[in-house]
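The values are calculated or read from the model by the stated rules, or taken from the named source; none is laboratory data. Nothing here was measured: the structure is a model prediction, and the numbers come from that model. Cβ: placed from backbone, ideal geometry, glycine included. Neighbour counts: every protein chain shown. Calculation scope for accessible area: heavy atoms of the full protein, side chains included, ligands and nucleic acids excluded. Shrake-Rupley method; radii C 1.70, N 1.55, O 1.52, S 1.80 Å.
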Amino acid sequence: ESSKGAKNPPNSVRAKLDKNEKLKSSKENSDESKEGLPLSGLTIVASGVFDKIAWEWLDEFVQTLGAWMTSAVSGKTNYLIVGSKLEDGREVTQGSKYAKAKSVGTTIFTEDEFEEFLKKKLDNSNF
(Lines give C-alpha, C1' and ligand atoms only; values in the text may rest on other atoms or scores of the structure.)
Protein backbone atom coordinates (compact mmCIF):
# COMPACT_ATOMS: atom_id res chain seq x y z
CA GLU A 1 0.00 0.00 0.00
CA SER A 2 2.76 2.36 -0.96
CA SER A 3 2.46 5.31 -3.24
CA LYS A 4 5.64 5.72 -5.28
CA GLY A 5 5.28 8.67 -7.61
CA ALA A 6 1.89 9.61 -6.19
CA LYS A 7 1.15 13.29 -6.10
CA ASN A 8 -0.76 15.51 -3.74
CA PRO A 9 -4.37 16.43 -4.50
CA PRO A 10 -5.22 19.45 -6.64
CA ASN A 11 -5.98 22.75 -4.89
CA SER A 12 -9.75 22.42 -5.39
CA VAL A 13 -9.72 19.09 -3.59
CA ARG A 14 -7.38 20.36 -0.90
CA ALA A 15 -9.80 23.25 -0.20
CA LYS A 16 -12.72 20.83 0.11
CA LEU A 17 -10.63 18.58 2.34
CA ASP A 18 -9.78 21.54 4.58
CA LYS A 19 -13.45 22.52 4.79
CA ASN A 20 -14.53 18.97 5.62
CA GLU A 21 -11.67 18.59 8.11
CA LYS A 22 -12.94 21.64 9.99
CA LEU A 23 -16.45 20.16 10.03
CA LYS A 24 -15.12 16.81 11.19
CA SER A 25 -12.92 18.29 13.93
CA SER A 26 -15.86 20.24 15.33
CA LYS A 27 -17.75 17.01 16.01
CA GLU A 28 -17.04 13.78 17.82
CA ASN A 29 -15.55 10.99 15.70
CA SER A 30 -18.63 8.77 15.64
CA ASP A 31 -21.21 7.52 13.17
CA GLU A 32 -23.50 10.38 14.16
CA SER A 33 -20.82 13.00 13.47
CA LYS A 34 -20.37 11.64 9.95
CA GLU A 35 -24.04 12.00 9.03
CA GLY A 36 -24.54 14.37 6.14
CA LEU A 37 -21.00 13.99 4.80
CA PRO A 38 -20.70 12.83 1.16
CA LEU A 39 -19.43 9.33 1.99
CA SER A 40 -21.29 8.92 5.28
CA GLY A 41 -21.90 5.32 6.27
CA LEU A 42 -19.60 3.79 3.65
CA THR A 43 -16.81 1.34 4.42
CA ILE A 44 -13.83 1.41 2.06
CA VAL A 45 -10.73 -0.76 1.71
CA ALA A 46 -7.70 0.14 -0.42
CA SER A 47 -5.22 -2.36 -1.78
CA GLY A 48 -2.13 -2.21 -3.94
CA VAL A 49 0.26 0.40 -5.28
CA PHE A 50 -1.38 3.65 -6.32
CA ASP A 51 0.02 5.70 -9.20
CA LYS A 52 -1.89 8.98 -8.82
CA ILE A 53 -2.56 9.41 -5.13
CA ALA A 54 -0.76 8.68 -1.89
CA TRP A 55 -2.46 5.88 0.02
CA GLU A 56 -2.10 7.83 3.27
CA TRP A 57 -3.83 10.84 1.71
CA LEU A 58 -6.64 8.64 0.40
CA ASP A 59 -7.14 7.15 3.85
CA GLU A 60 -7.41 10.58 5.49
CA PHE A 61 -9.49 12.07 2.68
CA VAL A 62 -12.25 9.43 2.62
CA GLN A 63 -12.51 9.52 6.40
CA THR A 64 -12.86 13.29 6.27
CA LEU A 65 -15.74 12.76 3.83
CA GLY A 66 -17.47 10.43 6.29
CA ALA A 67 -16.35 6.94 5.23
CA TRP A 68 -14.56 4.35 7.31
CA MET A 69 -11.28 2.94 5.98
CA THR A 70 -10.60 -0.62 7.05
CA SER A 71 -7.78 -2.99 6.23
CA ALA A 72 -9.83 -6.07 5.38
CA VAL A 73 -12.78 -6.74 3.09
CA SER A 74 -15.93 -8.08 4.73
CA GLY A 75 -19.60 -8.32 3.91
CA LYS A 76 -19.94 -4.76 5.25
CA THR A 77 -17.37 -3.32 2.82
CA ASN A 78 -18.96 -1.03 0.22
CA TYR A 79 -15.95 -0.36 -1.99
CA LEU A 80 -12.50 -1.80 -2.65
CA ILE A 81 -10.12 0.61 -4.37
CA VAL A 82 -7.29 -1.18 -6.15
CA GLY A 83 -4.00 0.23 -7.32
CA SER A 84 -2.20 -0.65 -10.53
CA LYS A 85 -0.55 -3.71 -8.97
CA LEU A 86 0.06 -5.35 -5.62
CA GLU A 87 3.08 -4.44 -3.51
CA ASP A 88 4.82 -7.67 -4.58
CA GLY A 89 4.23 -6.92 -8.27
CA ARG A 90 1.35 -9.32 -8.87
CA GLU A 91 -1.83 -8.23 -10.65
CA VAL A 92 -4.46 -6.81 -8.27
CA THR A 93 -6.85 -9.56 -9.35
CA GLN A 94 -4.52 -12.08 -7.68
CA GLY A 95 -4.82 -10.51 -4.23
CA SER A 96 -6.85 -11.86 -1.33
CA LYS A 97 -8.74 -8.57 -0.86
CA TYR A 98 -9.82 -8.64 -4.50
CA ALA A 99 -10.95 -12.27 -4.21
CA LYS A 100 -12.89 -11.56 -1.02
CA ALA A 101 -14.52 -8.45 -2.55
CA LYS A 102 -15.65 -10.52 -5.54
CA SER A 103 -17.04 -13.26 -3.31
CA VAL A 104 -19.11 -10.91 -1.12
CA GLY A 105 -20.26 -8.62 -3.95
CA THR A 106 -18.26 -5.52 -3.01
CA THR A 107 -17.90 -2.89 -5.74
CA ILE A 108 -14.30 -2.71 -6.97
CA PHE A 109 -12.89 0.59 -8.25
CA THR A 110 -9.58 1.40 -9.93
CA GLU A 111 -8.02 4.74 -8.99
CA ASP A 112 -9.58 6.39 -12.04
CA GLU A 113 -13.01 4.88 -11.38
CA PHE A 114 -12.90 6.01 -7.75
CA GLU A 115 -11.90 9.50 -8.89
CA GLU A 116 -14.96 9.60 -11.18
CA PHE A 117 -17.14 8.35 -8.33
CA LEU A 118 -15.81 11.14 -6.08
CA LYS A 119 -16.36 13.78 -8.75
CA LYS A 120 -20.03 12.82 -8.85
CA LYS A 121 -20.38 12.54 -5.06
CA LEU A 122 -18.67 15.88 -4.49
CA ASP A 123 -20.27 17.54 -7.51
CA ASN A 124 -16.79 18.66 -8.55
CA SER A 125 -15.65 18.00 -12.10
CA ASN A 126 -12.26 19.60 -11.33
CA PHE A 127 -11.30 16.90 -8.81
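Distant-in-sequence amide contacts of Thr107, defined by a placed amide H-H separation under 5 Å and a gap of 5 or more residues or a different chain, comprise Leu80.
Out of every Cα pair in the stretch 51-127, what percent are spaced more than 15 Å from each other?
On the way: 1749 of 2926 pairs.
Value for the stretch 51-127 (Cα pairs over 15 Å): 60 percent.
If R0 equals 22 Å, the separation of the Cβ atoms of Ser103 and Ser40 corresponds to a calculated FRET efficiency of about 0.25. In the full protein context, the stretch 29-122 carries 49 Å² of accessible surface per residue, based on a 1.4 Å probe and ignoring ligands, DNA and RNA. A Förster radius of 25 Å, combined with the Cβ-Cβ distance separating Glu91 from Lys119, puts the computed FRET efficiency at roughly 0.40.
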